[in-house]
Each structure stands twice: as structure tokens, then as C-alpha cells.
Amino acid sequence: MFKRILVCSDGSDSALKAVKAAAEIACKFSGAITLVHVFDPSVSPIPFVGVQGTELLAADDVGPYSDAVYTSLEKQASEVLDEAGVPYTTRREIGHPGDRIAGVAHDIGADLIVMGSRGLSAWRSLVLGSVSDNVVHHAHCPVLIIR
């Protein structure tokens, strides 16, 4: 039933719960997980805050910063998946998280997307929309949102 599971992680508590839930589902259905991390440079502090001293970073300097973010997120999620003994691969994406998650799910032929709920405020959700809402409306497969 759920052989190809896409799980999204942004480092939040709900995302870690989503990784754990995806691992349980993968174990139950002998599935495999694709773990995706999406770096959105449009909400990154890089253009505004210097990471190296007081210097501002140029747009082409995003790579090392995003690599550090990816590595941290992968370490956290990988520990959970390794402990569960679930086969998994990782993907690193850059762009709008909702768009990239739905796109990756389509690319890999995912049977299920598992992601955490970020609990945006009502005003922020109204103005910006939430990533989970975007994925639910654009994914080709079922989406399980974990709180």
C-alpha cells in the first residue's frame, strides 16, 4: 500500500514526529522512505545578516549555508530512521517548500507524503499560507500531517 513514502523535515518538533510516524508506516508496509529537506532562500537571513563576521553574503554564497542546514537536518532525521531500520534516501531541494515537496513526490512516484504541522498563526496562514496546506492542495497522493 505505502511502499514509497516521502517525509519532509525542517527541524521542527512536528517534523521529527513526522519522521517517526513515517518510519512506523514504512516498517508496517515494508516501504522505503525518501527524506526531503527544502531550503527556501527567500526566507533565509543570509541577505540581511552576515554569517561570516559583519559581511553580507551574496546570493551565490547560499551554498555553504544551505549545506550546513541540510547536514543538521539530515543528522536528526537519520538517527530516527537508522534506529527503526528503515531503508531511506535523502534529497536536498532549493525553492518554495510546498512546490518542491509536491514536485519531489510526483518525481519519485510517492504513495504517501508525511509531514509535520507548523502551527502558523491564523493571520500568517491567511497572508502566506502554510506549507502543509500547499502540499495538500497540490500533491498527487495522500498527505498525512502530524501534529
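The values are calculated or read from the model by the stated rules, or taken from the named source; none is laboratory data. This is a predicted model, so every value here is computed, not measured. Glycine also receives a Cβ, built like all others from the backbone with ideal geometry; neighbour counts cover every protein chain displayed.
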Any idea which of 122, 84 is modelled with pLDDT of 70 or more and of a type outside the set (D, E, K, R)? 84
Looking at residue 28, is it closer than 14 Å to residue 80 by Cα, at pLDDT 95 or above and surrounded by fewer than 19 Cβ atoms within 10 Å (Cβ to Cβ)? no
